[in-house]
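Encoded as structure tokens, the structure appears first; notes follow it.
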Amino acid sequence: MQSRLETIIDCMTQASSLDDLQEEILKLRNLFEVEHLVYHSVSNSGEQYAVLTYRPEWVSHYIASKYERIDPVVLGCYKRFHPVDWKRLDWKPKAARAFLGEAIENGVGRQGFSVPIRGPQGQFALFTVNHNCDDESWERHTGEFVRDMILAAHYINQKALELEGAVADAPVRPMSPRETDVLTLLALGYSRAQAADSLSISEHTLRAYLESARNKLGALNTTHAVARALTQGLLVL
Amino acid sequence: MLRYIHGRDLPAYRKLRDTMFADRARQFHARLGWDVAVNERGEERDQYDDLDPLYVIWEMPDGSHGGSMRFLPTTGRTMAAEHFLHLSQGRRISSPLIWECTRFCISERAGADVSAALMLGGAEVGLGFGLSHALGVFDARMVRIYRRLGWPPMVLGSEGQGHDRTSLGLWTFGRSVRERLLLRAGISDEISRQWFMRAFGHLELVRAAG
């Protein structure tokens, strides 16, 4: 079975236009097992771009009402760089509570988790997953998905910038699927033994894949190789 | 107590801010003799302080700075990429899951446990935000400290000899490291959690619309 990370990368690889991204985020929504998913980018010059699964009526109402001025998610995340659970935002102001009430009436879930991204040249983006469930289940859910959400946020942003022509592709030495598997599992925190076990190969073979991946990536050791691969994952898309 | 403060929010903590930048001048300029700029107010600030980093600061009972460090995501500008690229063989380390930690500073007024408390703050940041590693440049004197605290970095590259040895390393975030640092710093699990939540969470959650 494909790991979530691989699926995310596949989804992003398949997108060759900004319209495609809309299709791909529907797949990501299923992958993250949530009701809604939003990617919203604001360039340095204020140009905006978004792909999202909220109801179109809600989106146009939001834009027409200039809700970004009171939306605690926007206010709390703008130009930050750490992921934020919506519970941690300031919903106390009256306007914010009224806004949340309206959002919920329009099908927005009560639980949210947003990953802010500071992009190149002052670009800023926000990736959000949104859902309806109790606090405890949500905490479990975000705990399990947090790393993939952070990576997805950055992959989508990278892809969107690429499609807009904002960044150039960097040349990479392609890794074999097995090498990618090994690094992916290690990146997910598996030990070498667990990774070898999951791939039904011996630890000795795993070390050979790792060594070859390390070489291709020009990395100094395993951790460095994982770090490099994550980076290049961004670029390979 | 541990404070987690973004650069843009520092003006709300004047004493803490001013004593932090003054302590940085004392440590990096006066004591270690690094090539850093100290302004007319006797403060050490650099261009990365202008990027709205996240500071982890140990606040003394009188509200002054006891120790601090500074985090920025490696997907943006980093000192590792802009000043120490040769330590990673010219390869830029950049990942959404890795943040760079710089300007690890301990005040001369601070007690012995402050370095453990600060490292604990670093561990909380990593665990709290789902990160995999911290990236940082450190000098020879820090090697002992990190080892003593039970959280040594994985060294990616070094230059220089003896006291002048400078290295680039990666710290792996994990639960066991947090446990160890809680013990070393003499801080309880609940208190540390509380400090983190105070900075990043409005604890009174208001449930609108029913």
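The values are calculated or read from the model by the stated rules, or taken from the named source; none is laboratory data. Just so it is clear, the structure is predicted and the values come from calculations on it, not from any experiment. All Cβ positions, even for glycine, are placed from backbone atoms using ideal geometry, and neighbour counts span all protein chains on display.
Points to keep in mind about this one:
- Checking A:Lys87 against (1) touching a Gly at 6+ places or on another chain (Cβ under 6 Å); (2) surrounded by 15 or more Cβ atoms within 10 Å (Cβ to Cβ); (3) not aromatic (Phe, Trp, Tyr), the condition it does not meet: (1)
- B:Cys105 meets the conditions (1) of a type outside the set (Gly, Ala, Ser); (2) in contact with a helix residue (DSSP H, G or I) (Cβ under 6 Å, 6 or more places away or on another chain); (3) surrounded by fewer than 23 Cβ atoms within 10 Å (Cβ to Cβ) in every case but one. The failed one is (3).
- Looking only at the range B:45-61, and only at residues there that are part of a helix (DSSP H, G or I) and surrounded by 17 or more Cβ atoms within 10 Å (Cβ to Cβ), the one that is farthest from the other protein chains (Cβ to nearest Cβ): B:Asp49
- Considering the range B:92-134, the residues that are of a type in the set (Val, Ile, Thr) and within 10 Å of chain A (Cβ to nearest Cβ) include one that is nearest to the chain's Cα centre (by Cα), namely B:Val125.
- Condition met for B:Gln89 (loosely packed, with under 14 Cβ neighbours inside 10 Å, more than 13 Å from the chain's Cα centre (by Cα) and within 11 Å of chain A (Cβ to nearest Cβ)): yes
- Only a single criterion out of (1) farther than 13 Å from A:Leu126 by Cβ; (2) away from chain B (no Cβ under 14 Å); (3) exposed (fewer than 15 other Cβ atoms within 10 Å of the Cβ) is not satisfied by A:Lys92, namely (2).
- Test: residue in the range A:194-209 that is within 13 Å of chain B (Cβ to nearest Cβ) and either of a type outside the set (D, E, K, R) or farther than 30 Å from A:Arg88 by Cα (or both): no
- Residue satisfying condition, being surrounded by 17 or more Cβ atoms within 10 Å (Cβ to Cβ), in contact with a helix residue (DSSP H, G or I) (Cβ under 8 Å, 6 or more places away or on another chain) and modelled with pLDDT under 95, within set B:Ser68, B:Ser94, B:Ser64: B:Ser94
- Given (1) of a type in the set (Phe, Trp, Tyr); (2) more than 22 Å from B:Ser158 (Cβ to Cβ); (3) not in a strand (DSSP E or B), number of the condition B:Trp34 does not satisfy: (2)
- Given (1) at the interface with another protein chain (Cβ under 10 Å from one of its Cβ atoms); (2) assigned to a loop (DSSP other than H, G, I, E, B); (3) modelled with pLDDT of 95 or more, index of the condition A:Lys79 fails: (3)
- Within the range A:157-172, if we keep just the residues that are modelled with pLDDT under 85 and surrounded by 10 or more Cβ atoms within 10 Å (Cβ to Cβ), the residue that is farthest from A:Ser17 (Cα to Cα) turns out to be A:Val172.
- Scanning the range A:70-126 for residues that are over 26 Å from B:Pro73 (Cβ atoms) and among the β-branched types (Val, Ile, Thr) returns A:Ile70, A:Ile104, A:Val108.
- Hits in the range A:106-143 (condition: more than 9 Å from every other protein chain (Cβ to nearest Cβ), closer than 17 Å to A:His82 by Cα and of a type outside the set (S, T, N, Q)): A:Gly112, A:Phe113, A:Pro116, A:Gly122, A:Phe124, A:Ala125, A:Leu126, A:Phe127, A:Val129, A:Glu139
- One residue from A:Val59, A:Val74, A:Val42 being surrounded by 14 or more Cβ atoms within 10 Å (Cβ to Cβ) and either out of contact with any strand residue (DSSP E or B) (no Cβ under 9 Å at 6 or more places or on another chain) or closer than 13 Å to A:Ser114 by Cβ (or both): A:Val74
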